[in-house]
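Asks: Have a look at the structure that comes next, please.
The values are calculated or read from the model by the stated rules, or taken from the named source; none is laboratory data. Model, not experiment: these values are computed from the prediction. For neighbour counting, all protein chains shown are included, and Cβ atoms are generated from backbone atoms with ideal geometry for every residue, glycine included.
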Amino acid sequence: MNNGLQKLLQEIEIYNREKEKLRNSDLEGDQLFYRLCYSRLKTREEWFELHDAVYDLLKSDSPKFQKQSVIQYTEMLAMVISGYEN
């Protein structure tokens, strides 16, 4: 097998393992990160519920590392929410 293809397949395997680890995590920050990055939200209510959950996490006493995992996606989340509000 081509070296480049083998490396790509290894990267895909790592990606899938990390994604599954997030999905099965008990940490709220990991679960929200999974929902932000991998789940397919379809309804307005799902987006607003996710927005509220992220906001609650960021206001909470949760560890900084949990907040940092989701904070990078708050701008995207705010843009989606803004689209629904207008």
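Asks: Of the residues that sit in region 44-67 and are part of a helix (DSSP H, G or I), in contact (Cβ under 8 Å) with a residue 24 or more places away in the chain and of a type outside the set (A, V, I, L, M, F, W, C), which one is surrounded by the most Cβ atoms within 10 Å (Cβ to Cβ)?
Replies: Gln66
Asks: Something else now. State the number of residues belonging to region 16-43 that are part of a helix (DSSP H, G or I) and farther than 21 Å from Glu85 by Cβ.
Replies: Matching residues across region 16-43 total 15.
Asks: Here is a further query. Here are Asp61, Asp30, Asp26: which of them is of a type in the set (Asp, Glu) and touching a helix residue (DSSP H, G or I) at 6+ places or on another chain (Cβ under 7 Å)?
Replies: Of Asp61, Asp30, Asp26, the one residue that is of a type in the set (Asp, Glu) and touching a helix residue (DSSP H, G or I) at 6+ places or on another chain (Cβ under 7 Å) is Asp30.
Asks: A follow-up question, please. Can you spot a residue in region 5-13 that is aliphatic (A, V, I, L, M) and within 14 Å of the chain's Cα centre (by Cα)?
Replies: Just the residues of region 5-13 that are aliphatic (A, V, I, L, M), to begin with: 5, 8-9, 12.
Subsequent filtering for residues that are within 14 Å of the chain's Cα centre (by Cα) retains none.
No, every residue in region 5-13 fails to be aliphatic (A, V, I, L, M) and within 14 Å of the chain's Cα centre (by Cα).
Asks: Determine whether Leu22 is surrounded by fewer than 10 Cβ atoms within 10 Å (Cβ to Cβ) and either of a type in the set (A, V, I, L, M, F, W, C) or touching a Cys at 6+ places or on another chain (Cβ under 8 Å) (or both).
Replies: no
Asks: Kindly provide the set of residues from region 45-67 that are of a type in the set (Phe, Trp, Tyr) and farther than 17 Å from Leu77 by Cβ, ordered by number.
Replies: Here is the first cut: in region 45-67, the residues of a type in the set (Phe, Trp, Tyr) are 47-48, 55, 65.
Of everything in region 45-67, just one residue is of a type in the set (Phe, Trp, Tyr) and farther than 17 Å from Leu77 by Cβ, namely Phe65.
Asks: Are any residues in region 1-11 among the hydrophobic types (A, V, I, L, M, F, W, C), part of a helix (DSSP H, G or I) and either surrounded by 10 or more Cβ atoms within 10 Å (Cβ to Cβ) or modelled with pLDDT under 90 (or both), and if so, which ones?
Replies: Answer for region 1-11, where residues must be among the hydrophobic types (A, V, I, L, M, F, W, C), part of a helix (DSSP H, G or I) and either surrounded by 10 or more Cβ atoms within 10 Å (Cβ to Cβ) or modelled with pLDDT under 90 (or both): Leu8, Leu9.
Asks: Hey, could you check region 68-86 for residues that are of a type outside the set (A, V, I, L, M) and outside any loop (DSSP other than H, G, I, E, B) and say which is nearest to Gly29 (Cα to Cα)?
Replies: The extreme case among them is Ser69.
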